Amino acid sequence: MHTELVSVGPDAPDEAAITRAAAVLRRGGLVAFATETVYGLGGLALDRGAVARIFAAKGRPATNPIIVHVADIAMARELVAEWPAAAQQLAQRFWPGPLTLVLPRRDVVPDAVTAGGSTVAVRVPSHEVALALVRAVRAPIAAPSANRSQRLSPTTAQHVLKQLAGRIEMVLDAGPTTGGLESTVLDLSQESPMLLRPGLVPLCEIEALLGEPVLLGPRLRDGEVARSPGQHQRHYAPSVPLTLCQGQSHEFVERKCETEPLVGWLALGSAASINRPNVRTIMMPDDPVEYASLLYATLHDLEEAGATSIVADAPPDLPAWQAVHDRLRRAAAGESAAR
Ligand code: AMP
Ligand code: MG
């Protein structure tokens, strides 16, 4: 299959391009598009065939449910069996935006979307291209990140093509995404709200609005192994082994250089430089929002440069860094942690 690359302005997307992409979706095809988080791989959420193709294109395990993107609260409510006060409050405050709400599903939602579970994850994206697309098709769009399963999420159309060219009909190229990390996923289907995945909306803002503490999902508690769908431990990972380093990273990188052809180092703070030809040192921003927006792009660059090993300085252990910490930890899962 030929994958068509179509350029659109990120702020005022070209109507003709959106109309064409919407037509591809209505025929059951797949379109990758920019959101404010990362590029998503969209298909009609209520079309079983399209959803099956999303799983096939990504090589995604059937146990990992997909987030459904909608145009507004009304469209979200058509998919869920309950709409608690907390959902209304959160949606009014954070939608359109990178907050995903997990709620009891209605029967219209195909089993594949929810990985056979009794809940569905919904959000209204704030990127103009994503919004224009759901408005144009006038139907919910299932869209996981537009990467092969277990690989790095894409923040540019080129990243999408690298992994999915020939497997999907179209990519809407709106330039690099600004958020750079996935949405925050909050489960509202139980008695107390529970964080399933930290993301671009900080947990403290959710807690402040709800006026109650949010529980941490199983995977987020220390040392616990994945139990529920969508909480696979190794995820969001570069194809190159990544080690998360708590302090003394300078020495660790030096040692790595003795055996590795090319080491990529995501350095933080005033890391001393290492004068060796086989190290790429990338000084990462010490602001968590800026760090998040650059993380995947930096890892993609290092993959392309042929890095054989990546070392990342552990960011400060502060709430604002929760989402970045989570992605680095998961990228490093399976590698032995450096001390
Ligand atoms: P992705 O869009 O690739 O970032 O992945 C979507 C993620 O959303 C999954 O890995 C889950 O963590 C979460 N998710 C989607 N639907 C549900 C659901 N029904 N219940 C719990 N988590 C969900
Ligand atoms: Mg993903």
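The residue list 130, 22, 103 was ranked by how far each Cα lies along the charge dipole of the chain toward its positive end, using unit charges on Cβ atoms, and 22 comes out on top. Amide H to amide H, with H built 1.01 Å from N, residue 59 comes under 5 Å of 149, counting only residues 5 or more places away or on other chains.
In debye, nearest 20, what is the charge dipole magnitude of the chain about its Cα centre with +1 on Lys and Arg Cβ and -1 on Asp and Glu Cβ, if you could check?
Charge dipole, the chain, about its Cα centre: 1080 debye, nearest 20.
Computed over the range 261-302, the alpha-carbon pair-distance distribution with 5 angstrom bins reads 5, 23, 29, 23, 15, 5, 1, each value a whole percent.
Evaluated over the Cα positions of the range 242-331, the convex hull gives a direction-averaged projected area, one quarter of its surface, of 5.3 nm².
Loop-located trypsin sites (Lys or Arg not before Pro) in the range 1-45 (DSSP state other than H, G, I, E, B) with a sparse environment of at most 13 neighbouring Cβ atoms within 10 Å: 27.
Using only helices, what value at 222 nm comes out for the chain when you add -39,500 (n - 2.57) per DSSP H run of length 4 or more and divide by the total residues, to the nearest 500 deg cm²/dmol? Roughly -9500 deg cm²/dmol at 222 nm, from the helical runs in the chain. The coefficient of translational diffusion for the chain, derived via Stokes-Einstein from the alpha carbon Kirkwood radius under 10 °C and 1.306 mPa s, stands at 78 µm²/s. If I build a Gaussian network model for the chain, linking alpha-carbon pairs within less than 10 angstrom, which residue out of 82, 303, 191 has the largest mean-square fluctuation? Between 82, 303, 191, it is 191 that shows the largest mean-square fluctuation. Per-peptide packing, taken as the mean over residues of other Cβ atoms within 10 Å, places 5-18, 113-126, 53-66 in the sequence 113-126, 53-66, 5-18 from highest down. Remark: relative contact order (the range 4-216) = 31 percent; criterion is Cα-Cα distance under 8 angstrom and separation of 6 or more residues.
No value in this document is a laboratory result; all are computed from the given coordinates. Owing to the predicted nature of the structure, the values given are computational and were not obtained by experimental measurement. Using ideal geometry, Cβ is built from the backbone for each residue, glycine included, and neighbour counts are taken over all protein chains shown.
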